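Encoded as structure tokens, the structure appears first; notes follow it.
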Amino acid sequence: MAKQKVQYEFPMRCQSEILYEYLASGEGLSEWFADEVTEKGDDFYFSWNGGPEEKATLIRYKPESFVRFRWEEDEGTKNFFELSIVIDDITEDLALMVTDFAEEGEEEENRLYWENLIENLRIKLGAA
């Protein structure tokens, strides 16, 4: 079954350079996204609660702008998850845009998952 593309925008109160470090490095991601993240080149290995590692490959990025990962299970598909820093041209307000793919009927569960993750990130950044 094909997954549906979903996007969420989260206002953030922090500097874009600091936020990017939490999105693009294993060390930063292990602060809020997973319990442990190991980086080997463009491959990132995520683990939660001592469980098995899940591999995602960094497939695109632009420094201080966005990172795009593809989970190993999504190889051969167009599915990915992307974390983008968006700055409003007029107000200069900063937001984190999350693009992900969710199974049909699981969009709400996916949204809640990301809301919880981003709340963890805000706490780590002192931007809650």
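Apolar share of the accessible surface for the chain: 43 percent from carbon plus sulfur atoms, 1.4 Å probe.
Here the Karplus relation 6.51 cos²θ - 1.76 cosθ + 1.60, evaluated at θ = phi - 60°, turns the backbone of the range 57-73 into coupling constants of 9, 6, 9, 7, 6, 9, x, 6, 10, 7, 10, 10, 10, 10, 5, 4, 5 Hz, with x for every Gly and Pro.
The residues of the chain present an accessible area of 60 Å² per residue when probed at 1.4 Å with all protein chains retained.
Computed extension length for Asp43-Ile18: 6.8 nm, one decimal, from 0.36 nm per residue of separation with the Cα-Cα distance subtracted. Only the Cβ atoms of Lys and Arg (+1) and of Asp and Glu (-1) were treated as charged; on that basis the dipole of the range 21-128 about its Cα centre amounts to roughly 360 debye.
Take the Cα of Lys62, step 7 Å toward its Cβ, do the same at Val86, and the gap between the two points is 1.4 nm. Calculated mean residue ellipticity at 222 nm for the chain: -8500 deg cm²/dmol, from DSSP H runs with n ≥ 4 weighted as -39500 (n - 2.57), summed, divided by the residue count and rounded to 500.
The values are calculated or read from the model by the stated rules, or taken from the named source; none is laboratory data. Fair warning: this is a prediction, and the values are worked out from it, not measured in the lab. Note that each Cβ is placed from the backbone with ideal geometry, even for glycine, and that neighbours are counted across all protein chains shown. For accessibility, only protein heavy atoms count, side chains too; no ligands or nucleic acids. Shrake-Rupley method; radii C 1.70, N 1.55, O 1.52, S 1.80 Å.
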